[in-house]
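Asks: First the structure, then my questions, so here it is.
Where a number appears in this text, it was derived from the coordinates with a stated rule and is not lab data. Everything quoted here is computed from the prediction, not taken from an experiment. Positions of Cβ are backbone-derived with ideal geometry, glycine not excepted, and every protein chain shown enters the neighbour counts.
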Amino acid sequence: MTEQAGGARAEWLRGLNPTAKLAAVLLLGAAAMAFPSPVLGACLIVVLFVVAASSGMLAPFAKLMVGFGIPVTIMLLFIQGCYSPANVTFIADLGFARLGLEGVMSALQTVVTLLVFLGGFYLMNETTYTGELVADLTSRGLPPKAGYLVLASLNVVPQMRRRMATIQEAQVSRGLDMEGSLVSRLRATIPLLGPVIMSSLTDAEERSMTLETHGFHLNEVRHTSYVVVHHARADRPIVVIAVALFVVSLAIRIAALAGLIAI
């Protein structure tokens, strides 16, 4: 019941146009990067948590954000906070180094920007069929060959994972021991990488030959798709808000660099 409720709550996000979601993710990440302080990025992260909660994906989303954010934050705070050449104002003396305010702010800016991109792409990936995204991009003018490259790039990791799982199950059924210590599991897994890579390359070649025989390389004909692209009323407002936020953030960044405002 919980999974069904979560899936139902995620329908509003799945119903959005995939290109609109991609544009929103890129624009929000760029806005967090352009803004001269980590405040905007932190606010956008809160918004992403709210979206994840309303879509029934709060637990895996929080696990991803916390699992990535904490170690990266600690690492960047240590490196940039203590050893950044931009440090002028020091806020703490750690004995072996002094912690600089400028380095800390730069580290936090980098962290929140990465988390905005990470969280946005995670929500998009979990609620978007890659075939629909490519079909929509192609209908908007993206060359079919470029669309195929995008689709193949997005599918290569999931396909290799499925192939790896299939080969592992086949080997386990033949008596291969995949349990035990980390070293023993690595010894059993590494020899399987060769067949996985070779089979993936073979699949890519077979798909390319199939597309060529079906006239995929012809440019003077109109290509069609069986994939139905979704559109929603919220597509345009979301993109407009993301564009406006990016423009305002960029304007504030330029004004700060020109000395017109202090942030």
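Asks: From the P(r) of the stretch 1-101, could you give the percentage of C-alpha pairs in the tail past 22 Å?
Replies: Distances greater than 22 Å cover 49 percent of the Cα pairs.
Asks: Report the FRET efficiency, 1/(1 + (r/R0)^6), for Ala251 and Arg98, where r is their Cβ-Cβ distance and R0 is 35 Å, rounded to 0.05.
Replies: Plugging the Cβ-Cβ distance into 1/(1 + (r/R0)^6) gives 0.55.
Asks: OK, next. For the peptides 37-46, 70-79, what is the packing order when you average, over each peptide's residues, the other Cβ atoms within 10 Å and list the highest mean first?
Replies: Those peptides, ordered most packed to least, come out 37-46, 70-79.
Asks: For the residue pair Ile91 and Glu206, what label-to-label distance in nm results when each label sits 7 Å from Cα along the Cα-to-beta-carbon direction?
Replies: 5.7
Asks: To continue, here is another question. Starting from the Cα-Cα distance between Leu26 and Lys145, subtract it from 0.36 nm times their residue separation and give me the gain in nm to one decimal. Before the final figure, lay out the partial values.
Replies: Values: separation 119, 0.36 × 119 = 42.84 nm, distance 2.28 nm.
Extending this stretch completely gives an extra 40.6 nm.
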